[in-house]
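S.K.: The structure that follows is given in the form of structure tokens.
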Ligand code: FAD
């Protein structure tokens, strides 16, 4: 099967956008990801999927921690910075801590996790994270991603 067909089909699934954050040698690192979902309520588990070439991968493996930052609609810049799409522009990035895990200021949800399992599947590694803590900001709407483009929510009134 053609790679483009597969990518286009997966892109039909509209998602939010997260930045996965971690820490290595006392240095914060982030990576844009939309492969994120909740797994279990008891215990509280989430999963992320990280490509084998991502520099983030060995950092999460070694630190055993990651943060999931669900981006607000005014944070497209962050998504592009952490996807390596804004290398020539200076965008100020502010990290803070949630239960000892680096997270991004201004995200609509910050979720700090301990890695409890990892599974190599094809060219990605799935990390299962046990949630340490959560912080929400209900004042903003989410950034969305669909068919390779950023979108925002529109309320439909019936
Ligand atoms: P690096 O190349 O190390 O870092 C990426 C960028 O983040 C670099 O430009 C770097 O300067 C910047 N950065 C990192 N840390 C900091 C910091 N502390 N301060 C300032 N800047 C920093 N890939 C996946 O594997 N899984 C997914 O689910 C996924 N979903 C995606 C969803 C979207 C909407 C997009 C746009 C991309 C997605 N990607 C996904 C691709 C992924 O974001 C890129 O391949 C990413 O650049 C690879 O990360 P890396 O760890 O190699 O990053």
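Rule-based calculations on the coordinates, nothing more; no lab input. Since the model is a prediction, treat every value here as computed from it, not as a measurement. A quick note on method: Cβ atoms are made from the backbone with ideal geometry, for glycine too, and the neighbour counts reach across all protein chains shown.
S.K.: Roughly what % of Cα-Cα distances in region 20-75 sit above 19 Å, to the whole percent? Present the calculation step by step, with values, prior to reporting the outcome.
M.R.: Working: 501 of 1540 pairs.
Across region 20-75, Cα pairs with separations above 19 Å total 33 percent.
S.K.: Would you mind ranking 56, 113 so that the residue whose beta carbon has the fewest other beta carbons within 10 Å leads the list?
M.R.: Details: 56 22, 113 29.
In order of increasing Cβ crowding within 10 Å: 56, 113.
S.K.: In whole Å, what is the distance between the alpha-carbon centres of region 16-58 and region 101-122?
M.R.: Cα centroid of region 16-58 versus Cα centroid of region 101-122: 4 Å apart.
S.K.: Let me ask something else. Using the number of other C-beta atoms within 10 angstrom as an exposure proxy, rank 28, 52, 154 with the fewest first.
M.R.: Values: 28 18, 52 10, 154 6.
By the 10 Å Cβ count, ascending, the order reads 154, 52, 28.
S.K.: Sticking with this structure for a sec: May I ask you to compute the full-extension gain from residue 10 to residue 134, defined as 0.36 nm times their residue separation minus their alpha-carbon distance, rounded to one decimal in nm? Intermediate results must be reported in sequence, preceding the final value.
M.R.: Working: separation 124, 0.36 × 124 = 44.64 nm, distance 2.82 nm.
The residue 10-residue 134 span can extend by a further 41.8 nm.
S.K.: Now for a different question. Which log10 I(q)/I(0) values does region 80-158 give at q = 0.15, 0.17, 0.24, 0.26 Å⁻¹ under the Debye formula, counting every alpha carbon as one identical point scatterer?
M.R.: Those come out to -0.85, -1.05, -1.22, -1.20, one per q.
S.K.: Helix-derived [θ] at 222 nm for the chain: sum -39500 (n - 2.57) over DSSP H runs of at least 4, divide by residue count, nearest 500? Before the final figure, lay out each step's value.
M.R.: Numbers: 3 runs with 23 residues, N = 158.
Dividing the helical sum by the residues of the chain leaves -4000 deg cm²/dmol.
S.K.: Another one. Would you mind ranking 144, 104, 5 by Cβ crowding within 10 Å, fewest neighbours first? It would help to have the intermediate numbers written out before the result.
M.R.: Details: 144 17, 104 25, 5 9.
Ascending Cβ contact count within 10 Å gives the list 5, 144, 104.
S.K.: I've got another one for you. For residue 126 paired with residue 45, estimate the spin-label separation in nm (one decimal), with each label point 7 Å from Cα along the Cα-to-Cβ line.
M.R.: The two pseudo-label positions are separated by 1.0 nm.
S.K.: I would also like to ask the following. I need the fraction of alpha carbon pairs in region 1-128 separated by more than 17 Å, rounded to a whole percent. Intermediate results must be reported in sequence, preceding the final value.
M.R.: Working: 4767 of 8128 pairs.
Percentage above 17 Å: 59.
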